[in-house]
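Okay, structure first, notes after.
The values are calculated or read from the model by the stated rules, or taken from the named source; none is laboratory data. In this text, all values refer to a predicted model and were calculated from it rather than measured experimentally. With ideal geometry, Cβ positions are generated from the backbone for all residues, glycine too; neighbour counts draw on all protein chains shown. These accessible areas exclude ligands, DNA and RNA; they are computed on the full protein's heavy atoms, side chains included. Shrake-Rupley method; radii C 1.70, N 1.55, O 1.52, S 1.80 Å.
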Amino acid sequence: LGFGKEDKSTYNYLTSHGITDIKVHDKVMQEGEYILFYTLYPNQKIVKMAKKVAKALKLPVVVTKFNNEHDYFNTFKKKYDTGPIEFLNLVNHAKFVLSSSFHGTVFSLIFKKPFFVLKDGRDERVETLLEKINLKNRIIRNEDEISNKVMNAYDISFEKCDEMLEQERVQNGIYERL
């Protein structure tokens, strides 16, 4: 999937209609406050960044298993038995989300969860999306950026973000079909 005028369907992801109505979200899968760290391609760089953010925010990290060939997550709380509903549940109940993926970022926006994107250069859709909604400051590219960014980790205006996304949908002639 692209993002922008060439792929108008992408904007349909950016709505909570239907997703937040799933009743399974009431069931808590992980007790207490936590950071959900969602990545499709774990590597040492982003795992190290996730650990540093978690230490600064003083929260434990929960991970799901996707392409975790090297099990870099050995110090994190593992929720390897998650399907789509359980994943949405973990996002919904997280205090904070770290992601390197487009979908992890989108669900953070839908559920209005403070987040950072740990950028490893794989998915340009994330950067394009965040640029469109004026949230490029949520991207962390290296460890040196973390100490400054975590000071404002919870400062995010989802209302403003929702307004900008709605403007994009209207401007591109996209209306929710649900």
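Observations on the model:
- Output for segment 107-126, where each listed residue is surrounded by fewer than 18 Cβ atoms within 10 Å (Cβ to Cβ) and either without any contact (Cβ under 8 Å) to a residue 40 or more places away in the chain or within 22 Å of P42 (Cα to Cα) (or both): D120, G121, R122, E124
- Single match in T15, T10 (criterion: in a helix (DSSP H, G or I), at pLDDT below 70, of a type in the set (V, I, T) and open to solvent by less than 50 Å² (accessible area, probe 1.4 Å)): T10
- Residue in segment 118-141 that is under 21 Å from V28 (Cβ atoms), assigned to a loop (DSSP other than H, G, I, E, B) and touching a strand residue (DSSP E or B) at 6+ places or on another chain (Cβ under 7 Å) present: no
- Checking segment 83-92 against the condition returns no match, with no residue being modelled with pLDDT of 95 or more, in contact with a Ser or Thr (Cβ under 9 Å, 6 or more places away or on another chain) and either under 22 Å from K52 (Cα atoms) or assigned to a loop (DSSP other than H, G, I, E, B) (or both).
- Within segment 127-165, the set of residues being without any contact (Cβ under 8 Å) to a residue 40 or more places away in the chain, of a type in the set (A, V, I, L, M), surrounded by 15 or more Cβ atoms within 10 Å (Cβ to Cβ) and within 23 Å of K58 (Cα to Cα) comprises just one member, I139.
- From the options K119, K95, K112, residue that is closer than 27 Å to V170 by Cβ and of a type outside the set (S, T, N, Q): K112
- Residues that are more than 22 Å from K45 (Cα to Cα) and part of a loop (DSSP other than H, G, I, E, B) within segment 153-164 comprise Y154, D155, I156, S157, listed in sequence order.
- None of V47, V62 is open to solvent by less than 40 Å² (accessible area, probe 1.4 Å), at pLDDT below 95 and within 11 Å of A94 (Cβ to Cβ) except V62.
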